[in-house]
Each structure stands twice: as C-alpha cells, then as structure tokens.
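Before any comments, here is the structure.
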Amino acid sequence: MASLEGKVGLIVGVANKRSIAWAIAQAASAEGAQVVLTYQGRFEEHVKELAEGLATPPLILPLDVQDDAQIDAVFAQIGERHGGLDFVVHGAAFAPREELTAPFVMTSREGFRTSLDISAYSLIALARGAKPLMAARGGGSLMTLTYLGSQRVFPNYNVMGVAKAALEASVRYLAADLGPDNIRVNAISAGPIKTLAAAGIGGFSNILGIVRERAPLRRTVETSEVADAALFLLGPAGRGVTGEVLMVDAGYHVVGM
Ligand code: NAD
Ligand code: 0WE
C-alpha cells in the first residue's frame, strides 16, 4: 500500500516547479496523500498551474506566514474540507536581501525580526494550528527545511543562519511539547540546491562546485532526494523519529577539509 494513502497534508512553501516543497507535494501525492497547498500572494498563478499536474485537485489557499488571520483561515478551511490533518511541510524562509549581502555585524533589528518571524516563528504558529486537527486523527507529523548554515558559518548566509538555528531548536521544543499527542516534529537539512531562494545569491555556483568537490558522494542533492527523505519522516516508516534534523546533503556535513 502507498505510505500516505488516505492522509491529508498541508504544504507551505511552493513558489514554482523548482521549490523543494513542490517536490515533496508531488512525492506525497504519488504516495496517496491528499495535499493542501498554500501560496504567497505573487505565486498564486504558478501554484494553481502546478497543482493541475497532481492526481487529485488540491485545496489551494493564500498564506503569508506573517499574518495570524491567514494562518487561522487555513486551518479553519482544512477542518471544513477534510475534518483533520495528518502532516505539515514547512518550507518558508526569507531574509531581506541586504541582510545577505552586508557584513553580519551590520544585521539590522528589523531584518533580524523579519527573518526570524518568517523563517522560524512560523513553524511554531503552524504547529499550534495543526495540533487540534492532528489530535482528531490520533497524531501527525510536521517537518521543516533547514540548512547547515545553522551550525557553521557560510559567507553571506548571515541572519538566515541564526534563523535556522532558532528553527532547529524549535523543532526540538515542539517535539517535546507535542510528542504526548503523538505528533512528531523533524527537519531535513538539505544541501544547496538551485531554487528560487538560491537564485541571485552571489557565488551560488561556487557553493555548488565546492559540494561537488568535497561531499562524500562527490555531487549535490536534488529536490527529489529531499522529497524521498520527507516521505520517510512524514509516513509510517518514521513513526519512531521525532526532534531530529536529518541531513540530506550528500554527506557534506561530515567532512572537515
Ligand atoms: P523557494 O524559493 O522555492 O521556497 C521558499 C518559499 O518561502 C517560497 O515558496 C516563498 O513563497 C516562501 N515564503 C517566503 N516568505 C513567506 C511568507 N511571508 N509567507 C509564506 N511563504 C513565504 O526555495 P526552496 O529552496 O525550495 O526553499 C524552501 C526551504 O528550503 C526554505 O526553508 C529554505 O531555507 C530551505 N533550504 C533551501 C536550500 C537550497 O539550497 N535551496 C537548502 C537547504 C534548505
Ligand atoms: O535558506 C536558503 C535561502 C533562503 C533565502 C533566500 C533569499 C534570496 C532572496 C532567504 N531570504 C532570501 N531573500 C532574498 O531576498 N538557502 C539554504 C539557500 C542559500 O542561500 C544562501 C546560501 C544558500 C545555500 C545565501 C548565502 C550563502 C549560501
């Protein structure tokens, strides 16, 4: 049987066909899940067009994760349409561009606030919204996407590294808080992939080149590989795993030089 047969999942963070969240949506749908997709304003057309390629037409809702009213509306509509929720994929991240170009010591209060709000706090808000809908199903699984810049310094990743550190700590605290309700919370730390979030980042091709040279597998990872790991965390095979950050990076993190 397909691993997510009859499961309902909310997927936040699809912008276009290169989005990691879109690879996860496709993989989850292929495993029998009914997905609910959200879009950030300007991506409405893109997401609605992509959704036409899924086996079952999904509920598609607007969601800016900085807006509590939109978060409430998303879970209210999922409750109406599906009556419960089995998994959530969180793939939203943002730092104002100037924070990724100026020296880290110049990080502004406003840039810090925005980056941590969108990239880390939003997981907590989504977990809170999901909790009653998952409890109605006897449990659930949440996962987010992170990057090694949370633990180590990468030039220009800057405040996003701080946000990812907060995100990973939030995964552990949420896992402890929601575990008694049989709700698991995990992250996948993906290696660098040329998505929209990577477009226009100075020297991104260099980053990919260094991974190809040094990672144990001597290559970068693809969104489909992140999606396969996500199926493990979201589905029955991952039932004993919570509070974990799973590295899907061709082994890059183990290398010292
Ligand atoms: P992407 O640009 O396709 O996805 C980022 C998403 O964040 C977009 O869909 C965007 O709409 C959404 N977003 C930003 N601000 C938002 C807001 N206020 N409300 C709602 N949504 C908002 O790029 P991606 O690479 O697929 O990124 C997905 C996740 O993967 C991010 O958390 C990113 O940090 C993480 N990640 C990416 C890489 C990489 O190299 N591409 C590596 C590791 C982790
Ligand atoms: O998490 C990310 C990137 C997230 C991101 C991207 C942008 C670009 C456009 C957040 N905010 C913005 N703001 C914008 O204005 N990644 C893991 C990809 C990434 O980004 C880097 C990287 C890698 C890897 C930035 C600098 C160095 C390495």
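What residue, of Gln70, Gln40, is among the polar types (S, T, N, Q) and away from ligand 2 (no atom under 16 Å from the Cβ)? Explain how you work it out, then say what you get.
Numbers: Gln40 fails: away from ligand 2 (no atom under 16 Å from the Cβ).
Within the list Gln70, Gln40, the selection yields Gln70.
Considering each residue of segment 4-61, count those that are touching a residue at least 40 places away in the same chain (Cβ under 8 Å) and not small (Gly, Ala, Ser), and give that number.
Result for segment 4-61: 17.
Given the conditions (1) at pLDDT below 95; (2) touching a Phe, Trp or Tyr at 6+ places or on another chain (Cβ under 8 Å), which single one is not true for Leu54?
So Leu54 meets the others, but not (2).
Note down all Cβ pairs under 6 Å where the first residue falls in segment 183-206 and is touching a residue at least 24 places away in the same chain (Cβ under 8 Å) and within 14 Å of Gly149 (Cβ to Cβ), the second is assigned to a loop (DSSP other than H, G, I, E, B) and more than 8 Å from ligand 2 (Cβ to nearest atom), and they're at least six residues apart or on different chains.
Once the first residue is touching a residue at least 24 places away in the same chain (Cβ under 8 Å) and within 14 Å of Gly149 (Cβ to Cβ) and sits in segment 183-206, its partners that are assigned to a loop (DSSP other than H, G, I, E, B) and more than 8 Å from ligand 2 (Cβ to nearest atom) give Gly191/Thr220; Gly191/Val221; Gly191/Asp249; Gly191/Ala250.
Can we say Gly179 is within 14 Å of the chain's Cα centre (by Cα) and either free of Cβ contacts under 8 Å to residues at least 40 places away in the same chain or farther than 19 Å from Val65 by Cβ (or both)?
Working: within 14 Å of the chain's Cα centre (by Cα): no; either free of Cβ contacts under 8 Å to residues at least 40 places away in the same chain or farther than 19 Å from Val65 by Cβ (or both): yes.
No, not satisfied.
Sort through Glu99, Glu110, Glu80, Glu168 and tell me the only one that's in contact with a helix residue (DSSP H, G or I) (Cβ under 6 Å, 6 or more places away or on another chain) and more than 22 Å from Ala230 (Cβ to Cβ). Don't jump to the end; show me each part of the working.
Numbers: Glu110 fails: in contact with a helix residue (DSSP H, G or I) (Cβ under 6 Å, 6 or more places away or on another chain); Glu80 fails: in contact with a helix residue (DSSP H, G or I) (Cβ under 6 Å, 6 or more places away or on another chain); Glu168 fails: more than 22 Å from Ala230 (Cβ to Cβ).
The match here is Glu99.
Scanning segment 160-204 for residues that are in a loop (DSSP other than H, G, I, E, B) and aliphatic (A, V, I, L, M), which turns out surrounded by the fewest Cβ atoms within 10 Å (Cβ to Cβ)?
Here is the first cut: in segment 160-204, the ones in a loop (DSSP other than H, G, I, E, B) are 182, 191-203.
Next, only the ones that are aliphatic (A, V, I, L, M) stay: 193, 196-199, 201.
On the way: Ile193: 21, Leu196: 13, Ala197: 21, Ala198: 14, Ala199: 9, Ile201: 16.
So the residue we want is Ala199.
Being away from ligand 2 (no atom under 16 Å from the Cβ) and in a helix (DSSP H, G or I) is the filter here; which residues of segment 5-34 pass it? Outline the logic, then answer.
From segment 5-34, those away from ligand 2 (no atom under 16 Å from the Cβ) are 5-11, 17, 25-34; that's our starting set.
Result: Ala25, Gln26, Ala27, Ala28, Ser29, Ala30.
The values are calculated or read from the model by the stated rules, or taken from the named source; none is laboratory data. Small disclaimer: the values here were computed from a predicted structure and weren't measured. Positions of Cβ are backbone-derived with ideal geometry, glycine not excepted, and every protein chain shown enters the neighbour counts.
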